[in-house]
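The structure appears right after this line, and notes come after that.
The values are calculated or read from the model by the stated rules, or taken from the named source; none is laboratory data. Note that the structure is a prediction, hence the values are computed from the model and not measured. Quick reminder, even Gly has a Cβ in these numbers, built from the backbone with ideal geometry, and neighbours come from all protein chains shown. Keep in mind that these areas ignore ligands, DNA and RNA; they rest on the heavy atoms of the full protein, side chains included. Shrake-Rupley method; radii C 1.70, N 1.55, O 1.52, S 1.80 Å.
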Amino acid sequence: MHERVLVIGAGIAGLCTALALAPTGRDIVILERDPPPPTGGPDEAFQDWSRRGVGHLRHSHAFLARLRTIIKTEHPELHADLLRAGCRELGFDRMLTDLHRADYRPRPEDRDFVVLTSRRTTLELVIRRYVEHHPNVRIASETFVRKLLTQLTPEGLRVVGVSVTDAAGARDVISDIVIDAGGRTSSGIEQLVEEGAAITEESESTGIIYFTRHFRLLPGVEEPRSKAPGTGDLGFLKFGLFPGDNGCFSITICVPEVELELRKAMVNPEVFQAICARIPGLVPWIDPAISEGVGRVYGMGELNSRWRDISGDGTPAVLGYFAVGDSLVRTNPLYGRGCSFAAVSAYLLRDVLVSTEDAGTRVTEYQERVTAELRPYYLNMRDQDRSAIRRAKQNLTPGYRPSIKSRVLKSFLEDGVNIAVRSDANLLREALRGFHMLEHPSAWLKRPDNIAKIMRYWATRRALKADAYPPKPGPGRVELMRGVGLSPEADMIKAAA
């Protein structure tokens, strides 16, 4: 094919789009508003690369097995480049508890449950340099897309290119296809809606604020080992530790939007450090004899889940235009599926473009495939967000008592599902298939054999399954907030009022 394709944005979504389409022979130009990366390696990219268009550039990142498998299968040279750059692969063995290990027998499928983790700047740097080696791909940096160029044709509204501003000034760029990988700040769909495109959207807050700080292990120091979990949910706060590339790691703490006092204090590195020092799984990592903090605490708010449908009502809403990644679907970054969503949508688009040349069919088939592949995960994460928002408000409601139904459900999850997964390696595999987007997120809980096992664990007396409970992830809300000099009552008064 000699179609000319314009891709808006050279972030993960735009780069994955180039990875998907480059082998098809199309001429691809990626329009990127920010400057190119420094000429050095990963450390220079982390320190110096200015990416105003990527608000979460220096937050924790990981590629789930679905995306890692795409890279390894479709671009094995890129996979090797990532590992040479210091990116880490965390396999199934790291998920095993002592109970699992007692009778664990490896299976071939265990090789699929791998997370690829690194600093986001390293991931982008390596993928970008690999993409630029393709002769039919060009990245135009410091090129700002002002608007889409559209025409009203007998078949409907059609995007025929973009208007840009770069070093040479303002100009129009014509193309056969425009792919919007501009992320959550892209205005492409808003423009099309204003011009009459029947694009539907649903959106709601995820209810959290993100805070991340990066650390570097001291020279000659190995990563610490701890029985305490490096990820967890304290009920009012979620935390995660992410091993990175080249001796680096990051810690992300998620705070409910309604926790105003905690939110305001979290950007202070001393408060961030003090909170980490009260979470057992993080304590060994932030020991001054082990690591040092790198830079400030990065915050990220206005996190909304969003689903857009460009297929229109009976007829395609727009022709010649496709959105991928956050431009089309946004989810809570807590679940780590944003990059995988971007890659999956890019490869679904590739399959559609290869299978048909009809402009209208391309739009409807693309949306149908995206809905079939990604909608179940979107709904699953949205429902979890809604539950978390309710719990956060309940934590701030004086005298709140959960209903019997809520207590039973909590017991089923904590004393049944979690214990079963921590005890049975095969149930862990079953749960990870959904987590890694290798099958429907709830499929494993609908299998009779799995439910039967979970029910047996749930019915077992607590004393007989005591070894399966994880260590306490951290202190309660009142203890932690008082420990770092914050008032646990302030937001409860506001919530009650």
Item to check | Proximal aspartates and glutamates to residue 453, defined as alpha-carbon separation beneath 18 angstrom and excluding residues fewer than eight positions away on the same chain | outcome: 103, 414, 415, 424, 430, 467
Checklist outcome for this item: log10 I(q)/I(0) for region 188-319, Debye formula on C-alpha points only (no solvent), q = 0.11, 0.17, 0.20, 0.21 Å⁻¹, two decimals, reads -0.54, -0.86, -1.08, -1.16
Item to check | In Hz, Karplus ³J(HN,Hα) per residue of region 339-355 (6.51, -1.76, 1.60; θ = phi - 60°; x = Gly, Pro) | outcome: 5, 5, 4, 4, 5, 4, 5, 5, 6, 5, 5, 4, 4, 5, 5, 6, 7
Checklist entry - Tilt of helix 359-395 relative to the longest C-alpha principal axis of the chain, in degrees (0 to 90, nearest 10)? => result 30
Next on the checklist: So for each of 108-116, 164-172, 224-232 I average, over its residues, the number of other beta carbons within 10 Å; can you give me the resulting order with the highest mean first?
Outcome noted: 108-116, 224-232, 164-172
Checklist entry - Once the Cα gyration tensor of region 68-208 is diagonalised, what are the square roots of 5 times its eigenvalues, in whole Å and ordered largest first, as equivalent ellipsoid semi-axes? => result 41, 22, 15
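Express the relative contact order of the chain as a whole percentage, based on alpha carbon pairs under 8 Å and six or more residues apart in sequence. All intermediate terms of the calculation are to be shown ahead of the outcome.
On the way: 874 pairs, mean separation 91.9, N = 497.
Worked out over the chain, it gives 19 percent.
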Next on the checklist: Could you tell me the center-to-center distance, by alpha carbons, between region 361-439 and region 27-43 in angstrom?
Outcome noted: 36
Checklist entry - Using the alpha-carbon atoms, what tilt in degrees (0 to 90, nearest 10) does helix 448-459 show relative to the longest principal axis of the chain? => result 30
Checklist entry - On the first, second and third principal axes, largest extent first, how far apart are the outermost C-alpha atoms of the chain in Å? => result 70, 56, 51
Checklist entry - Mind checking the log10 I(q)/I(0) for region 202-276 at q = 0.15, 0.21 Å⁻¹? Debye, one equal scatterer per Cα, no solvent, two decimals. => result -0.59, -1.00
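Taking a probe of 1.4 Å, how large is the accessible area per residue of region 1-143, in Å²?
Normalised by residue count, the accessible surface of region 1-143 is 41 Å².
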Checklist outcome for this item: Flagged as over-length at 22 Å C-alpha distance, from 410/472; 238/465; 227/446; 410/465; 227/393, the pairs are 238/465; 227/446; 227/393
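Pop out the carbon and sulfur fraction of the accessible area of the chain as a percent, whole number, probe 1.4 Å.
Numbers: 11640 of 22200 Å².
That fraction is 52 percent.
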Next on the checklist: Can you tell me the orientation of helix 120-132 relative to the chain, as the angle in degrees between its alpha-carbon axis and the longest Cα principal axis, to the nearest 10?
Outcome noted: 30
Next on the checklist: Quick query: amide H of residue 161 versus all other amide H atoms, modeled in the peptide plane; which residues come in under 5 Å with a sequence gap of 5 or more or a different chain?
Outcome noted: 149, 175
